[in-house]
Structures are given as structure tokens and as C-alpha cells.
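Below is one structure; the comments refer to it alone.
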Amino acid sequence: GAVVSQHPSWVICKSGTSVKIECRSLDFQATTMFWYRQFPKQSLMLMATSNEGSKATYEQGVEKDKFLINHASLTLSTLTVTSAHPEDSSFYICSATAGGYEQYFGPGTRLTVT
Amino acid sequence: QQQVKQSPQSLIVQKGGISIINCAYENTAFDYFPWYQQFPGKGPALLIAIRPDVSEKKEGRFTISFNKSAKQFSLHIMDSQPGDSATYFCAAENTGNQFYFGTGTSLTVIP
């Protein structure tokens, strides 16, 4: 149980375009979902926290107009990277919690902006 | 400010040996301490976790030791295997579901 999926697992896009990443909790209802960014050989950096039906809370330094988060249902959250640039290339990971302490992580999405 | 400090940054252990990774925190509001294992190109996977009312928790070859007064906790991997080679992250969570990750430890187990 407690499986979180992400789609796509790998995406390449051209500079200036937007890309959407989906995060789904497959076998539980996620009260809260989190989006992280991870650079090579570094730790996970929390970008934002989202609760179903409400606006996401962004961490300091994260541009909310660039990284649009929508938590449309208890099983789906999306992250849209708008007007992507090469510096946005990174590994994006979502996680979800069902209200307890445990966070369940997705497999990650590798974004490469050319 | 790093909420959770993790050491060492990298660790090389002989097969069959014990791997030990340490973490320290300052915020006494943390009340859940998980350890995650991450392979390259994959998301973190929960290994084992502990609450502060317990000093030790063991699951198979993995043990967490928790010292509440020192605000430190550690992961011990007994009989380390090459398949354990991965990056390990400690984390601390408060009741608001806010997670703070350590900086990670790259473990290499050599045959």
C-alpha cells in the first residue's frame, strides 16, 4: 500500500515552454502533498506544500508564478513549470501524506530544459 | 539554517561490516524521525522511523538509536551488503507535517 506515482518519469522541453508533472496517490487519499526539488548529489529541497482544494504554500525563494501547483483532488497534484529555462533542469519529487506522520514519495521526474 | 545535520557525507564499508550514519537536530518540536534510502534516479523510500518516546528501534538489519537528551539519532546497518549502496537521508518532522531532511550520506559497500 501507500504508493505514489509520478508522470512523466523523464521529460525534455525547450526553453520557454511549460511542462506539467503529475503526482498521484494510488491507494490512499492524500490530505497533503509536497513538491521537492533535488540537484545532483544534494538533499531534497521543499518547494511547496499543497492541500486539496486550497492554494499551495510555497517555501521562501520559490517563485509561485513559475512553479504552479494545483491540488485538484485527494489523489492528484500537479506541478507546472512555466516558461522553463535550463536552470530549471532538475529532479522533481512529490510526496503525499494521509494525515499521519509518514510521507510517501513518488519515483521522481527528471526535467531537462534545452 | 540546516535544521538537521547529518554525517558523514560519504561512507565506505566492507561487506559484512556495520554502517553508521549520524544525525543531530535542534528543534525540540520534532517528534518523528525517519530514515530514507535513495537509489540514483529514484525517489526516497522509507526505511525505518522512530518516535522520541523510544530509544531504539530495529527492523531486520536496520536499527535506529535515538538519544533525546542529546538530540541525536543514528542509523546502523548491520551486515552491510553491496545492495545497500545508496544515499541515505535522515529527516525530522514536526506535527505540522513539515519535513526537514539531512544533507545525505552516500554509502558504498565494497565486496
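Each value in this text was obtained by applying a stated rule to the coordinates, not by laboratory testing. It should be emphasised that the depicted structure is a prediction, and the values quoted were computed from it without experimental measurement. Reconstructed Cβ throughout: ideal geometry from the backbone, glycine too, with neighbour counts over all protein chains shown.
Below is a table of values for the structure above.
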| item | result |
| --- | --- |
| At R0 = 41 Å, FRET efficiency that the Cβ-Cβ distance of B:Ser10 and A:Ser73 yields, to 0.05 | 0.50 |
| Förster-model FRET efficiency, 45 Å R0, B:Ser85 and A:Thr57, C-beta, rounded to 0.05 | 0.80 |
| Under Karplus coefficients 6.51, -1.76 and 1.60, residue-wise ³J(HN,Hα) of region A:47-53 in Hz, glycine/proline x | 9, 6, 10, 10, 10, 4, x |
| Trypsin sites (Lys or Arg not before Pro) restricted to DSSP loop in region A:48-114 with at most 16 other C-beta within 10 Å | A:Lys55, A:Lys64, A:Lys66 |
| Cleavage-rule hits, GluC sites (Glu not before Pro), region A:33-114, DSSP coil, Cβ neighbours within 10 Å at most 10 | A:Glu63 |
| Dipole magnitude of chain B, debye to nearest 20 (Cβ charges: Lys/Arg +1, Asp/Glu -1, about Cα centre) | 120 |
| Cα-Cα over 20 Å, subset of A:Lys14/A:Lys55; A:Lys41/B:Lys71; A:Lys20/A:Lys66; A:Lys41/B:Lys5; A:Lys64/B:Lys5 | A:Lys14/A:Lys55; A:Lys41/B:Lys71; A:Lys64/B:Lys5 |
| Within the protein assembly as shown: Cβ-based charge dipole about Cα centre, in debye rounded to nearest 20 (Lys, Arg +1; Asp, Glu -1) | 340 |
| Straight-distance crosslink candidates among aspartates and glutamates, where the alpha carbon sits under 13 Å from B:Lys68 and sequence neighbours closer than 8 are dropped | B:Glu26, B:Asp31, B:Asp53, B:Glu56 |
| Lys/Arg +1, Asp/Glu -1 at C-beta; the protein assembly as shown dipole; positive extreme among A:Gln103, A:Trp10, A:Ala30 | A:Trp10 |
| Lysines with Cα under 21 Å of B:Lys15, excluding same-chain neighbours fewer than 8 positions away | B:Lys58 |
| Gyration tensor (alpha-carbon) shape descriptor, chain B, a/c threshold 1.5 | prolate |
| Dimensionless Rg/Rh of region A:32-114 - Kirkwood Rh, Rg from C-alpha atoms | 0.95 |
| Of all DSSP beta bridges in the protein assembly as shown, antiparallel share, percent nearest 5 | 90 |
| Options B:Val109, B:Pro44, B:Ile64, ranked by Cα towards positive dipole end of region B:13-111, top entry (Cβ charges) | B:Val109 |
| Modelled FRET efficiency - R0 30 Å, B:Asp53 with A:Lys14, Cβ distances, 0.05 increments | 0.05 |
| Total charge dipole magnitude, chain A, about the Cα centre, Cβ charges on Lys, Arg, Asp, Glu only, Debye to nearest 20 | 240 |
